[in-house]
Amino acid sequence: IVPPYYLALALIMLAGLFTAAELPWFLGFASNVRDSFQHPIGGPPDSMWSIAVEEQFYIVWPWIVLFVPRRLLPGVFLAVIVAALGVRAMLTPHGFDAVYRLTISRMDLLAAGAFLATIEERDPDWFARQSRFVVMIAAVAVAMFAGLTVSVPTFRTSLNTTLFNVVGFGLSTVFFTMTLIYIRGLGDGI
């Protein structure tokens, strides 16, 4: 992903969509940090934050997997998922971009995927056995999200409330994790 990313940066720079002073943030895969504490640039550079999150994950996560004993990894991944909820609560006063764009705020989704990888390593058939259960959990997450959306006027992404940042994004993590488990459980038949 790095060569096309840098090519896109060069084209965006040539088009004058950001300045040379902003370029180091993008070259160092830190545009999400810049955007979280300054006004996002907008336009094509605006979506680069997600690549920064991905690259930061690729830089940090292998070290966790390398140095944490294998038997402790599932617990570490679960702790990271829970920690993300607290991080989003703490970052809410800093603005929605900090909650939405920083890797530390989005790490529950990444850790959920890593947790599922540890399950697959130990019991590859586990996913197929969970299909009904995960559909039910996903449906409950959707129902709770919809119920909060209808009953709580401040439960909105754009309002940057602690309730949405913790519960709303948490429910979306549950939904997407259950969806991934369900799809993985289908096996090669999809």
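Annotations
- Among the DSSP helices (H) of the chain, those spanning at least 20 angstrom by Cα along their long axis with an average Kyte-Doolittle hydropathy of -1.0 or more are 48-67, 73-91, 103-122, 131-151, 169-185; this is a geometric and hydropathy rule only.
- Inter-centroid distance (Cα atoms) of segment 1-73 relative to segment 132-178, Å: 27
- Computed 3J(HN,Hα) for segment 25-37, one whole-Hz value per residue from the Karplus formula 6.51 cos²θ - 1.76 cosθ + 1.60 where θ = phi - 60°, is 4, 7, 5, x, 6, 10, 4, 5, 5, 4, 5, 6, 10, glycine and proline marked x.
- The charge dipole of segment 1-91, taken about its Cα centre with unit charges on the Cβ of Lys, Arg, Asp and Glu (plus for the first two, minus for the last two), comes to roughly 400 debye.
- Charges were assigned to the Cβ only: +1 to each Lys and Arg, -1 to each Asp and Glu. The resulting dipole of the chain about its Cα centre is roughly 420 debye.
- Look at the dipole of the chain built from charges on Cβ: of Gly185, Phe18, Gly28, the Cα furthest out on the positive end belongs to Gly185.
- Relative contact order, percent, the chain [alpha-carbon distance under 8 Å, six or more residues apart]: 20
- Listed residue (Gly75, Pro40, Ile59) projecting farthest to the positive dipole end of the chain, Cβ model: Gly75
No value in this document is a laboratory result; all are computed from the given coordinates. It should be emphasised that the depicted structure is a prediction, and the values quoted were computed from it without experimental measurement. A quick note on method: Cβ atoms are made from the backbone with ideal geometry, for glycine too, and the neighbour counts reach across all protein chains shown.
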